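Written below as structure tokens is the structure these notes are about.
The values are calculated or read from the model by the stated rules, or taken from the named source; none is laboratory data. Because the structure is predicted, anything quoted here is derived from the model rather than measured. Please note: Cβ atoms are built from the backbone with ideal geometry, for glycine as well, and neighbour counts cover all protein chains shown. Note: accessible area is taken over every heavy atom of the protein model, side chains too, but ligands, DNA and RNA are not part of it. Shrake-Rupley method; radii C 1.70, N 1.55, O 1.52, S 1.80 Å.
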Amino acid sequence: MFADLPIDDFRQAIHDWLRENFPPGLRGCRAPTNGHEPPVGPPGEFELWKERCADAGFGTPTWPIEYGGAGLDQARADILAEEMAQAGAFNPIVGLGAMMLGPTLLEFGTEEQKRIHLPPIARGELMWCQGFSEPGAGSDLAALRMRCEDMGDHFLLNGQKIWTSYAHHSDWCFAIARTSTEQKQGGITFLLVDMKSPGLDVRPIQLINGISHFCETFFNDVKVPKENLVGEVNRGWTVAKRLLQHERTGLSSLRSANAKTYDLASIARRYCELSPDGTLADTDLRQRLADHLLSEQAYALTLQRRSAEEEAGLNPTTPVSTLKNLGSQVGLRLGELAIEILGNRSLGWEGDGYTDEELELTSLWLHSKCYSIYGGTYEIQNNITAQRELGLPKS
Amino acid sequence: MTDHAFVPNDEQSMLRDAARGWVRDRAPISALRKLRTENLETGFDPALFGEMVEMGWTGILVPEDDGGFGFGHASIGLIAEELGRNLVASPLISSAVAATDALVLCGNPDQKSEWLPRLLSGEIHAAIALEEAIAHNPSGVALRARLDGNSWVLDGRKQPVFDYGEAGLVIVAARTSGEPGDRDGITLFLCPRDAAGTSATRLTQVDSRGAWALVFDGCRLDAGCVLGEIDKGLPALETVLDRARAVLAAEMIGSTTQAFETTVEYLKTRVQFDQPIGAFQALQHRAAELLGEIELARSAVWAALAAIDAGDADVPRYTSLAKALAGKAFRRTAQEMVQLHGGIGMTDEHDSGLYLKRAHVADMTFGNVSFHRDRFAKLAGI
């Protein structure tokens, strides 16, 4: 068992395991971020890698072995991630199930829920979506209105969710709904919903970058079995808040993993005029790019600091809400600088007149606008930092 | 960067806790006001520095073989952070970091045995004479040193020289060949206090700490005063500067943290329109954004200190990251401290002004934000 090895032996064992199991054709491929992208690398290799990781529990390394994890502590999980990065490998098991629902079920789920739902997540077999936001409940999430009635042997859902990422490709949905109107936060219940349930209707929404990750999801007399209740009736807000914490941490570290694949300094050297001394001739752009690179590196160090503090059992000095905003700002600035650096080469939408990299960066610029909106807007994160972390009074 | 960078070990935690208690009990911010009023020749309170020496802080970077503790820069960085909280004035960074590192890195056995024990015991402290021009620029050294028989003759001017007051030793960067701006031709000298041909003028600085203008007029030093290699002093000087920059950045993070906490406390207690002003969202968001900027700088500072102790090849990049971000965070926080305190923040009676003035001097010391942003950018290939 990997989990029982002393740290140094563990590192060597992981090193050896990766050499034997990671398909070399996948080396350096961009890691998937949501589980809905087409497989990367030579045909069949991604599937093979996913299966091998799932067999070892390495997709969700800190989960207990009986639920499909590898039972590793955080220190060993970090070593696994380091060794993977070293080998040019990546974690093929991604998505909201692995990032958000899994850790939440481990804390709040019943034994039966864990046994049924965690292993397929850990193997990357079933994909989950998140039924939280509604047309009238965005930043003020607890204002949600989707009705959940107790019908004795089941719950009945009626209402609408929006911004449900990948709902059209998902097998299951974790959702919050209103079981009581007496209290705002104290009238919310957390449920697991099978996307094949009759009465569920999904419509994709096209975004500004032309892509449809997000959906509207309509619930019309959707039946949910009683055993799919997580926690207690009217206590779902507590479960949802914890899940949102996992979301904020997950999103900010995901983004740092993404951002690293764009080396703006080298892109600038290829696209921009250079002075005889090798620096960028446009000194205004150079200064703003340098400011961005400073923040980007300090942000990566701050993520590392937070995980080091957690691992050492210390109170993290940087709140998750602060991290989320730092990450979104770095991501937004990356997009803005990328199109500025590309100049006229950044004007393309699709087709042959532009390289793949150029189209990708322009699309990233548009996509990056969502960083400061999803998972709780920039403004909501600032409220959380100010009120919960700094103790400033509510107005 | 390893995780050790971000979590202090037991020895470091002990040093930090001791420093925190001492700063709280012995070095309140009123000590800086007293220093300003009394205008001491030293530019710092010798009694307080004596207590630092007793706690062993001057020996932290001295190797064990030379009678010190050999603890490393993360350790003295944690102490500097605590000193920064109350803007404690002392020659610790000039003497126990910059001069000590210069001797440890470049000194021959005679020089080490002559000076290190005296710095360690607090019998003397040392200053660094580097700056000459408007902007920090280590390769721009112009002060001349020429060989005359067996001795070197120094002519030129250095300003500002921090902590020169009653210093027993000054480490001088001088040009022994080439022209200002050349990377070759810079040599470091150990200049004892009693060297003839030097004269000093006390400068009164905004941060109330001690700084001097130093004139070298035919100052004669014997050949044994050359520290390190002749004409090849710049790389060593840059290594020493990076270490001092990282520790100074740690001090700046301590000052910034204190300025931030004082300001947040004020937002909770100052009532206008029948509510604490901290209930207003415009001010809440400014506080939240400030916290983010401070935490970025803190990560960079700890990473730089750890990189130095690990002998990392990327020390220059980490140090410039730390000094640039600490300079930005300190300046912005001090500015917000004044603004969010309103009228009272403009008064001399309130501490806001002391933080604002220190932010300016600390940023300018060993290279300001734009110096380090430019250096970081060059290292990143742009």
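Tabulated results
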quantity: Of residues in segment B:290-326 being more than 10 Å from every other protein chain (Cβ to nearest Cβ), open to solvent by less than 10 Å² (accessible area, probe 1.4 Å) and among the small types (Gly, Ala, Ser), the one nearest to residue B:253 (Cα to Cα); calculated: B:326
quantity: Residue tally, condition part of a helix (DSSP H, G or I) and farther than 24 Å from residue A:206 by Cβ, over segment A:167-190; calculated: 3
quantity: Any hit, segment A:118-139, residues being touching a residue at least 40 places away in the same chain (Cβ under 8 Å), in contact with a helix residue (DSSP H, G or I) (Cβ under 7 Å, 6 or more places away or on another chain), exposed (fewer than 15 other Cβ atoms within 10 Å of the Cβ) and hydroxyl-bearing (Ser, Thr, Tyr); calculated: yes
quantity: Selected residue (criterion: most open to solvent (accessible area, probe 1.4 Å)) from residues of segment B:270-281 that are in a helix (DSSP H, G or I) and at the interface with chain A (Cβ under 8 Å from one of its Cβ atoms); calculated: B:281
quantity: Residue match in segment A:80-100 (condition: part of a helix (DSSP H, G or I), touching a Leu at 6+ places or on another chain (Cβ under 6 Å) and hydrophobic (A, V, I, L, M, F, W, C)); calculated: yes
quantity: Single match in B:168, B:210, B:197 (criterion: more than 30 Å from residue B:86 (Cα to Cα) and open to solvent by less than 60 Å² (accessible area, probe 1.4 Å)); calculated: B:197
quantity: Count - residues of segment B:344-381 that are away from chain A (no Cβ under 14 Å), among the aromatic types (Phe, Trp, Tyr) and open to solvent by 40 Å² or more (accessible area, probe 1.4 Å); calculated: 0
quantity: Where residue B:284 falls short, out of the listed (1) facing chain A (nearest Cβ under 10 Å); (2) open to solvent by 10 Å² or more (accessible area, probe 1.4 Å); (3) out of contact with any strand residue (DSSP E or B) (no Cβ under 9 Å at 6 or more places or on another chain); calculated: (2)
quantity: Every pair of residues 6+ apart whose Cβ atoms lie under 6 Å, when the first sits in segment B:189-205 and is of a type in the set (Gly, Ala, Ser) while the second is exposed (fewer than 15 other Cβ atoms within 10 Å of the Cβ); calculated: B:197/B:217; B:197/B:218
quantity: Condition met for residue B:1 (away from chain A (no Cβ under 14 Å) and hydrophobic (A, V, I, L, M, F, W, C)); calculated: no
quantity: Lone qualifier among B:305, B:267 - being within 18 Å of the chain's Cα centre (by Cα), in a helix (DSSP H, G or I) and touching a residue at least 24 places away in the same chain (Cβ under 8 Å); calculated: B:305
quantity: Residues (in a helix (DSSP H, G or I), small (Gly, Ala, Ser) and in contact (Cβ under 8 Å) with a residue 24 or more places away in the chain) located in segment A:5-61; calculated: A:54, A:56
quantity: Failed criterion for residue A:290 (all others in (1) free of Cβ contacts under 8 Å to residues at least 40 places away in the same chain; (2) open to solvent by 10 Å² or more (accessible area, probe 1.4 Å); (3) at the interface with chain B (Cβ under 7 Å from one of its Cβ atoms) hold); calculated: (2)
quantity: Sole residue being outside the structural domain of residue A:62 (by TED's automatic domain parsing), of a type outside the set (D, E, K, R) and open to solvent by 10 Å² or more (accessible area, probe 1.4 Å), chosen from A:210, A:187; calculated: A:210
quantity: Subset of segment A:305-330 (residues that are at the interface with another protein chain (Cβ under 7 Å from one of its Cβ atoms) and either at pLDDT 90 or above or open to solvent by less than 30 Å² (accessible area, probe 1.4 Å) (or both)); calculated: A:305, A:308, A:309, A:318, A:322, A:325, A:326
quantity: Enumerated strands (runs of 3 or more DSSP E) restricted to segment B:112-203, each holding at least 1 residues that are in contact with a His (Cβ under 9 Å, 6 or more places away or on another chain); calculated: B:169-175
quantity: Criterion (of a type in the set (A, V, I, L, M), over 30 Å from residue A:74 (Cβ atoms) and crowded, with 22+ Cβ neighbours inside 10 Å) met by exactly one of A:280, A:334; calculated: A:280
quantity: Selected residue [more than 11 Å from every other protein chain (Cβ to nearest Cβ), open to solvent by 20 Å² or more (accessible area, probe 1.4 Å), modelled with pLDDT of 90 or more and over 20 Å from the mean Cα position of the chain (by Cα)] from A:342, A:359; calculated: A:359
quantity: Residue within segment B:242-249 that is out of contact with any helix residue (DSSP H, G or I) (no Cβ under 8 Å at 6 or more places or on another chain) and more than 9 Å from every other protein chain (Cβ to nearest Cβ) present; calculated: no
quantity: Output for segment A:140-152, where each listed residue is open to solvent by 10 Å² or more (accessible area, probe 1.4 Å) and more than 20 Å from residue A:202 (Cβ to Cβ); calculated: A:140, A:141, A:143, A:149, A:150, A:151, A:152
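Results for (1) touching a helix residue (DSSP H, G or I) at 6+ places or on another chain (Cβ under 6 Å); (2) over 22 Å from residue B:369 (Cβ atoms), shown as yes or no for each residue.
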residue: A:304; (1), (2): no, yes
residue: A:308; (1), (2): yes, yes
residue: A:320; (1), (2): yes, yes
residue: A:329; (1), (2): no, no
residue: A:339; (1), (2): yes, yes
